[in-house]
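The values are calculated or read from the model by the stated rules, or taken from the named source; none is laboratory data. Predicted model only: the values in this text are computed from it and were never measured. Methodologically, a virtual Cβ is constructed for each residue, glycine included, from the backbone with ideal geometry; neighbour enumeration extends over all protein chains shown.
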Amino acid sequence: MQALEQFISALTGVLWGPVMSLLLVGGGLFLTARLGFLQFRRFGTAWSQTVGGLFRRSGSRRRARGTITPFQAVTAELGSTVGASNIIGVSVAIFFGGPGAVFWMWATAFVGMATKYSEIVLSLLYRKKDEQGEFVGGPMYYLRRGMKSPALAAAFAFFFMLEIFSSIMVQSNSAAGSAGAIGIPPLVSGAVITLMLALIVFGGVKRVGRVSEKFVPFMSGLYILGCLGIILGHIHSLPQALLLIVGDAFSGKAALGGAAGGSLLLALRWGTARGLYSNEAGMGSAPIAHAAAITDHPARQGLWGIISVFFDTVVIGTVTALVLLMTGIWRDPGLEATEMPAAAFSGFYGGAGGVIVSLSLLLFVISTIYVIAFYGEKLAAFLFGRRFALVMRMVYIAACLIGAVGGLKILWLFLDLLLFLVVIPNMIGVIGLSGKAAAATRDFFSSQKRSG
């Protein structure tokens, strides 16, 4: 068993190091060029068409079709991506890569915006209605219908369906651990989370959308407000923190975890890895949620992908990093990376600080669980039909309780390996169909110019 663990750990270390960085960053750079640097040139348009549209009244667009609102789609997606990686993941990046890792996290996010935009556009281009009358889509559909490759589509869906089973157990165990920090036994928290999961996923995509549009802004807002309080309390340290981030990105001179010396390569490696893992651009999860959105043009919904990466990695990741750097907690040699956020909050807010971090992690993990369970059900339906999807729904619900009490940990070893096998077919499809995404983009902006 120990030999197996060492082998899988070494293998995933290689795959999720240079191999995954080359695939996702390289693919993102290719898509950025293919789309004419859309995320930079059109960021203002993306903001006005998405977030800006939430605060102005407008008539219903002609030819708009879908099952849930665009905002429900993006909050469902964020429910999956905004999680422990935005808190603990940033701590790990700084611990091992120094403050410069944050700069490379930002750089990776801006590259990933082109990837997630392309995924969503393709998902909308190749979506279809299922027997329930709901719109469904995602990489499995654009791989089969766009790339004409049933084998790649089946590989993506199968490996992702298995990965979600392991992921739910890991996320549920993390949630139980967060609840345990505030005195709730794992079995109790696991039962509550499992019941919540069942109530949400049995309601279908519309209930997932309705829950997400209320739950995700609340949980994100709670954590961001907590961070802003600490940042404002240490506002005199802001210029120094920003100089550390930018300067260390190229010099790598900062200490790591209060101990060993840093390096440029370490900053690049950890910043890139956490950026990629945080926003999931290229992993194929977001297009499944966005496929159900009510929209009149695939590119209009794709703009939400740019904003979601910005919010997930640039906003939430940055406030986490600033809290760690401005308080100086990252230099404490007595702390592990996973302990730093709670220590920073406790140092500022007292006993309530640890509760804020634990509660935020608990809420983030709950949102991740119910969204990825929904994804898994759609993958199962694509592969084997609706009846099998209902079976997988029960399997995912059971996995939630099993994971909470720490069961089947052997399966957790395969989590990153399965995710790598998910990314490969998805990126083949996104790059192979990039011409379709670029054509849809040109059509959208030319129609905007004609109507404007």
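Being buried (at least 24 other Cβ atoms within 10 Å of the Cβ), at pLDDT 90 or above and not in a helix (DSSP H, G or I), is that true of even one residue in the range 132-143?
So far as the range 132-143 goes, yes, one or more of its residues are buried (at least 24 other Cβ atoms within 10 Å of the Cβ), at pLDDT 90 or above and not in a helix (DSSP H, G or I).
So the check is Cβ under 7 Å with 6+ separation or different chains; which pairs have a first residue in the range 317-342 that's within 17 Å of Gly354 (Cα to Cα) and touching a residue at least 60 places away in the same chain (Cβ under 8 Å) and a second one that's of a type in the set (S, T, N, Q) and buried (at least 24 other Cβ atoms within 10 Å of the Cβ)?
Close Cβ pairs (under 7 Å, with a partner that is of a type in the set (S, T, N, Q) and buried (at least 24 other Cβ atoms within 10 Å of the Cβ)) amount to Thr320/Asn86; Leu324/Ser91; Ala337/Ser91; Thr338/Ser91; Met340/Ser91; Pro341/Ser91; Pro341/Thr320.
Scanning for something hydroxyl-bearing (Ser, Thr, Tyr), within 17 Å of Met427 (Cβ to Cβ) and without any contact (Cβ under 8 Å) to a residue 24 or more places away in the chain, does the range 124-137 turn up at least one residue?
yes
Residues being modelled with pLDDT under 90 and assigned to a loop (DSSP other than H, G, I, E, B): count how many of those fall in the range 378-407.
Of the residues in that region, 3 qualify.
Among Gly190, Gly209, Gly247, Gly203, which is touching a strand residue (DSSP E or B) at 6+ places or on another chain (Cβ under 8 Å) and either surrounded by 19 or more Cβ atoms within 10 Å (Cβ to Cβ) or on the phi < 0 side of the Ramachandran plot (or both)? Steps first, please.
Details: Gly190 fails: touching a strand residue (DSSP E or B) at 6+ places or on another chain (Cβ under 8 Å); Gly247 fails: touching a strand residue (DSSP E or B) at 6+ places or on another chain (Cβ under 8 Å); Gly203 fails: touching a strand residue (DSSP E or B) at 6+ places or on another chain (Cβ under 8 Å).
Answer to the check: Gly209.
Is it the case that Leu325 is more than 24 Å from the chain's Cα centre (by Cα) and either modelled with pLDDT of 90 or more or within 24 Å of Ser172 (Cβ to Cβ) (or both)?
Considered against the rule, which asks whether it is more than 24 Å from the chain's Cα centre (by Cα) and either modelled with pLDDT of 90 or more or within 24 Å of Ser172 (Cβ to Cβ) (or both), Leu325 comes out as no.
Of all the residues that make up the range 411-447, how many are among the acidic types (Asp, Glu) and buried (at least 18 other Cβ atoms within 10 Å of the Cβ)? Give the derivation first.
Applying the first criterion (among the acidic types (Asp, Glu)) to the range 411-447 yields 416, 443.
Narrowing further to those that are buried (at least 18 other Cβ atoms within 10 Å of the Cβ): 416.
Selection size over the range 411-447: 1.
Pairs needed: first member in the range 92-111, over 20 Å from Phe310 (Cβ atoms); second member anywhere, acidic (Asp, Glu); C-beta distance under 8 Å; at least 6 residues apart or different chains.
Note: pairs meeting the criteria are Phe95/Glu336; Gly98/Asp248; Pro99/Asp248; Gly100/Asp248.
Which pairs do you get when a residue that is closer than 12 Å to Leu417 by Cβ, found in the range 1-14, comes within reach of a residue that is charged (D, E, K, R), reach meaning Cβ atoms under 8 angstrom, with the pair 6+ apart or on two chains?
Once the first residue is closer than 12 Å to Leu417 by Cβ and sits in the range 1-14, its partners that are charged (D, E, K, R) give Thr12/Asp416.
Residue-wise test of (1) crowded, with 19+ Cβ neighbours inside 10 Å; (2) under 27 Å from Ala107 (Cβ atoms); (3) in contact with a Gly (Cβ under 8 Å, 6 or more places away or on another chain).
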| site | (1), (2), (3) |
| --- | --- |
| Val323 | yes, yes, no |
| Thr338 | no, yes, no |
| Gly347 | no, no, yes |
| Gly351 | no, no, no |
| Ser360 | yes, yes, yes |
| Ser367 | yes, yes, yes |
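Look at Gly183 and say whether it is closer than 21 Å to Thr67 by Cβ and without any contact (Cβ under 8 Å) to a residue 12 or more places away in the chain. Write out each step before concluding.
On the way: closer than 21 Å to Thr67 by Cβ: no; without any contact (Cβ under 8 Å) to a residue 12 or more places away in the chain: yes.
No; evaluated as a whole, the condition is false for this residue.
Can you give me the ranges of the helices (runs of 4 or more DSSP H) entirely in the range 186-302 with at least 3 residues that are closer than 27 Å to Leu433 by Cα and at pLDDT below 85? Steps first, answer last, please.
Values: elements: 186-201, 204-233, 238-251, 264-279, 286-290.
Here the list reads 264-279.
Within the bounds of the range 369-387, is there any residue that is of a type in the set (Lys, Arg) and surrounded by fewer than 17 Cβ atoms within 10 Å (Cβ to Cβ)? Let's see the steps before the verdict.
Here is the first cut: in the range 369-387, the ones of a type in the set (Lys, Arg) are 378, 386-387.
Of the ones still in play, those that are also surrounded by fewer than 17 Cβ atoms within 10 Å (Cβ to Cβ) are 386-387.
Within the range 369-387 (the criterion being of a type in the set (Lys, Arg) and surrounded by fewer than 17 Cβ atoms within 10 Å (Cβ to Cβ)), the answer is yes, since at least one residue qualifies.
Determine which single condition Tyr396 fails, assuming it passes every other condition in (1) of a type in the set (Ser, Thr, Tyr); (2) surrounded by fewer than 24 Cβ atoms within 10 Å (Cβ to Cβ); (3) within 30 Å of Met140 (Cα to Cα).
Every listed condition holds for Tyr396 apart from (2).
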